[in-house]
Amino acid sequence: MRRRTFLEVLGAGAASGAIVPHLDAAVGRDGFRAWTWVHGNNTDDAPSWRSRFARFRAGGITGVLVGGGNTAVIAEAAHAEGLGVHAWTWILNRSGDAWVKANHPEWFNISRNGDSSLTKPPYVGYYQWLCPSRPEVRDYLRTIVKDVAQTRGVDAVHLDYIRHPDVILPRGLWLRYNLVQDHEMPEYDFCYCAVCRDTFKGEAGYDPLAVADPTADVAWREFRWNAITQLVTLLSATVRAHNRQISAAVFPTPTLARLQVRQAWEQWPLDAVFPMTYHRFHDQDIAWIGSAVREGVAAIRTSEPLYAGLHLPDLDPAALVQAVNVVRDAGAAGVSLYDSGGLTDAHLAALRSAIGG
């Protein structure tokens, strides 16, 4: 599935050991690595993919996160050029899943206003999300991830949209949506479906909608963090049972992730984490990326590598070099670039120079 990057801004989004790219992929000084997200939904043949990946590798790219297309064919071409392959998979956002929409509309999450994201998605039309608390949803997603893990040539399964919808948008997007989100608005606050409310009531002894201000209830907030963590834990076990590793794209820092999308990602059992440290989304400068990386590195419970996500449309080649240096100095294992379509020759030359390989 082609990722619609975060909303419409970009074009209309216990570890078993560090992930290393397949074969002897290019590595910069100090083992610093560079990844890029790749849209695979086209009809290019294997030689075309090999040519594309050879160009990436020459520019310092060490691995690709591939979504869509014939993953096995793309993975074979990537491996032939020495690149690692993560299968980029949308999890809770199922806007492109015709089967689940037709057969299980009740699986979609419910806002504090009582609206389903299937029929009244927040912000944009593709914000259609499943409820992570439902056992049948977890089983369904486990089956999807199992199929991905069994795909020939996949080194790791990469989870995307493994969160709730944004209850608070990054500040850099408020103007675009004519919002001032200085509090949690009910139409963006999820999930209040019967399963979530009944499960929480069984644990805490009360319905979250029975309290005066559900947004201020610490136990209710933690319940939703935990629902995502439990899902990740299940998917991680499924992937590892098939001798694959697991990674995830997450919000920039543990603090922002908990506040904005109910992710407690520093608790997740991952082999690598890819925070989307897209500075312009948060109305910040490049130096902020370093602060975000330092918070993430300090919070991770294990030695899993952190690859800081950089948004190429906001970085000319000179700024890319600056960002890479900031990320390295902050202690990350590398960078991940969104997305490969923005990798001009000038960007690749700058990247190669910056990583020092």
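See the values below:
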quantity: Condition check for Arg294: basic (Lys, Arg), under 20 Å from Phe56 (Cα atoms), modelled with pLDDT of 95 or more and assigned to a helix (DSSP H, G or I); calculated: no
quantity: Positions within the stretch 115-148 being assigned to a helix (DSSP H, G or I) and farther than 18 Å from Asn103 by Cα, in sequence order; calculated: Val145, Lys146, Asp147, Val148
quantity: Any hit, the stretch 261-270, residues being in contact with a Lys or Arg (Cβ under 7 Å, 6 or more places away or on another chain), part of a helix (DSSP H, G or I), under 28 Å from Ser353 (Cα atoms) and at pLDDT 95 or above; calculated: no
quantity: Single condition Asp339 does not satisfy, out of (1) modelled with pLDDT of 95 or more; (2) touching a helix residue (DSSP H, G or I) at 6+ places or on another chain (Cβ under 6 Å); calculated: (2)
quantity: Which numbered condition His183 misses (of (1) within 20 Å of the chain's Cα centre (by Cα); (2) of a type outside the set (Val, Ile, Thr); (3) part of a loop (DSSP other than H, G, I, E, B)); calculated: (1)
quantity: Complete set of residues in the stretch 226-252 that are crowded, with 23+ Cβ neighbours inside 10 Å and more than 17 Å from Ile91 (Cβ to Cβ); calculated: Pro252
quantity: Which listed residue is on the phi > 0 side of the Ramachandran plot, buried (at least 19 other Cβ atoms within 10 Å of the Cβ), modelled with pLDDT of 95 or more and not aromatic (Phe, Trp, Tyr), from Gly84, Gly60, Gly67; calculated: Gly60
quantity: Count of residues meeting criterion [among the basic types (Lys, Arg) and within 12 Å of Ile61 (Cβ to Cβ)] in the stretch 300-357; calculated: 1
quantity: The stretch 301-357: number of residues that are part of a helix (DSSP H, G or I) and of a type in the set (Gly, Ala, Ser); calculated: 11
quantity: Failed criterion for Glu187 (all others in (1) in contact with a strand residue (DSSP E or B) (Cβ under 7 Å, 6 or more places away or on another chain); (2) over 23 Å from Ser111 (Cα atoms); (3) surrounded by fewer than 18 Cβ atoms within 10 Å (Cβ to Cβ) hold); calculated: (2)
quantity: Test: residue in the stretch 195-206 that is closer than 27 Å to Val297 by Cα and out of contact with any Leu (no Cβ under 9 Å at 6 or more places or on another chain); calculated: no
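The values are calculated or read from the model by the stated rules, or taken from the named source; none is laboratory data. Quantities reported herein were computed from a predicted structural model and do not represent experimental measurements. Note: ideal-geometry Cβ built from the backbone for every residue, glycine included; neighbour counts use all protein chains shown.
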